[in-house]
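Worksheet: the structure to be examined is printed underneath.
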Amino acid sequence: MCSKCLKREATVKIYGKTLCSHCVKTEVLGRLRRNLLVNSMLKLGDKLGLVELPWISGVNEVLEDYLSRVSSRIRISYERIDVHDIKEDLNEALHGSVSASTEFGKELGYDVISLPLTSDFFLAYLVRSLIEDEGPYLGLYAPKLIANGIRLILPFFNISTIELSIIRRCEISFPDPILTSTLTWMQENLKLNLDFLRSFERSIEAFRKPNRCTRCCAFVEGELCNRCKVRSIRSQ
């Protein structure tokens, strides 16, 4: 029995509660709202760019549905930014996505950029990083950051596509075998205990460096990562 409505059959354990699919939707949207408010991700009058990644579907639609109901009250405008900087390597793809979207955002006068990266993506990326012994973009696991001089927010950093798919079909489809197999395992085995998808934050410490790259937020020893150094030289 659902511990919230006490009417329908419980199907998922989430946020420490056993809930039905109807109440899960309410809880997920409540978590999104709290992320935006508690972490002060948006400010009055912001111009927001929603980064559209070709290998993540459905996530931005959930955010747009929410913003459509509140944007008039907080007077924000928003639109999508398509990132066509497609790479076969996952770290290269993440670097290209952050770099291209922040550069484009600054050119067009955006105040803040939103990335559609979710908690299950970060957990799968952590597993991949442990295997490959490289995880610079675990530096993106945060509610908000500064990248290339522009505010970067991740409204779904602690919400999974499994949860979001109760509201709207969401999918991560990057062609990386480790990432794909880990995401598939999570889809098959964690539906009844989604809180596990928020219990890995301490494991990220194994990859933490003294700083984050000022342009792409990768964990680094100095100011810029090697990828941003190369990108800077090529743009000169």
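Each value in this text was obtained by applying a stated rule to the coordinates, not by laboratory testing. Keep in mind the model is a prediction, meaning the values are calculated, not measured. All Cβ positions, even for glycine, are placed from backbone atoms using ideal geometry, and neighbour counts span all protein chains on display.
A dipole drawn for the stretch 33-190 from +1 and -1 charges on Cβ atoms has a positive end, and of ILE56, SER119, SER71 the residue lying farthest that way is SER71.
Between ARG128, ARG34, ARG212, the GNM of the chain built on Cα springs shorter than 10 angstrom shows ARG34 fluctuating the most.
Kindly identify the chain as rounded, prolate or oblate by the Cα gyration tensor criterion: order the square roots of the eigenvalues as a ≥ b ≥ c, call it rounded if a/c is under 1.5, otherwise compare a/b with b/c, prolate if a/b is larger, else oblate. It is oblate, given that a/c is not under 1.5 and a/b is not larger than b/c. Remark: the ASP82-THR214 segment gains 45.3 nm on full extension, using 0.36 nm per residue and subtracting the alpha carbon distance.
Taking each of LYS13/LYS191; LYS17/LYS191; LYS47/LYS106; LYS87/LYS209 in turn, the alpha-carbon distance tops 18 angstrom for LYS87/LYS209. Springs between Cα atoms under 10 Å define the GNM used for the chain, and in it the highest mean-square fluctuation of ASP89, ASP195, ASP46 occurs at ASP89.
Between TRP55 and ASN39, the contour length at 0.36 nm per residue exceeds the Cα-Cα span by 3.1 nm. Between GLU188 and HIS22, the contour length at 0.36 nm per residue exceeds the Cα-Cα span by 57.7 nm. Close amide H partners of TYR15, meaning residues 5 or more places away or on another chain with modelled amide H under 5 Å apart, are ASP195. Loop-located GluC sites (Glu not before Pro) across the stretch 27-124 with a Cβ neighbour count of 11 or fewer within 10 Å are GLU88, with loop assigned by DSSP.
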